[in-house]
Amino acid sequence: INSWIIGMPDAAYISISAQSAVDFTGDLIKETFREIERLCAEKISESEIKTVKGYMLGELARTFDNRFTLADALITMIVNMLPFDYFDRKSEAVNDVSSTALLDIAQKNFHPETMFTVVAGGGKNKILI
């Protein structure tokens, strides 16, 4: 299971994707929504936050690994009209986030009844939506 927050100048959305055998699709969707509900009900443990922060800061550092990733970062800044301190501020935000803040964000923004579920697959030449 993977998830991304896609930010735009005036809005953002979360995308969650996963792959499974067709027989497990329903259970996978149910479990994904259970995790969303859990994010809205329980604080994330400090050890899990520490792990995620390390991962996110590592990914942020890879943004500047070589001339190609650096060029991509600059293109992102230009296209989205981001300030030059954007990546510094992003790093600070990751370092400063707390389990309480994440719980508040989840409760404010994650409303399963407003989410869309799209399923593709189901066998040869068959798409389920």
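Overview of values
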| read-out | value |
| --- | --- |
| Helical contribution to [θ] at 222 nm, DSSP H n ≥ 4, -39,500 (n - 2.57), averaged over the chain, rounded to 500 | -17000 deg cm²/dmol |
| Where trypsin sites (Lys or Arg not before Pro) in DSSP loops with at most 16 other Cβ within 10 Å are excluded, longest remaining stretch of the chain | 44-123 |
| Å² of accessible area per residue within the chain, as computed with a 1.4 Å probe and no ligands counted | 80 |
| Dimensionless Rg over Rh [the range 1-118; C-alpha; Kirkwood] | 1.00 |
| Protein accessible area in the chain, 1.4 Å probe - carbon and sulfur % | 58 |
| The range 28-74: Rg to Rh, with Rh as the Kirkwood radius over Cα pairs | 1.22 |
| Lysine pairs with alpha-carbon atoms under 18 Å apart, the chain, spacing 8 or more or separate chains | 4 |
| Per-residue ³J(HN,Hα) for the range 56-65, Karplus 6.51 cos²θ - 1.76 cosθ + 1.60, θ = phi - 60°, Hz, x for Gly and Pro | 5, 5, x, 5, 5, 5, 5, 4, 10, 4 |
| Residue order for 68, 116 - accessible surface, 1.4 angstrom probe, largest first | 116, 68 |
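The values are calculated or read from the model by the stated rules, or taken from the named source; none is laboratory data. Note that the coordinates shown come from a computational prediction; the quantities given were computed from them, not determined experimentally. FYI the Cβ positions are ideal-geometry reconstructions off the backbone, even for glycines, and counts take in every protein chain you see. Surface accessibility is based on the protein's heavy atoms, side chains included, excluding ligands, DNA and RNA. Shrake-Rupley method; radii C 1.70, N 1.55, O 1.52, S 1.80 Å.
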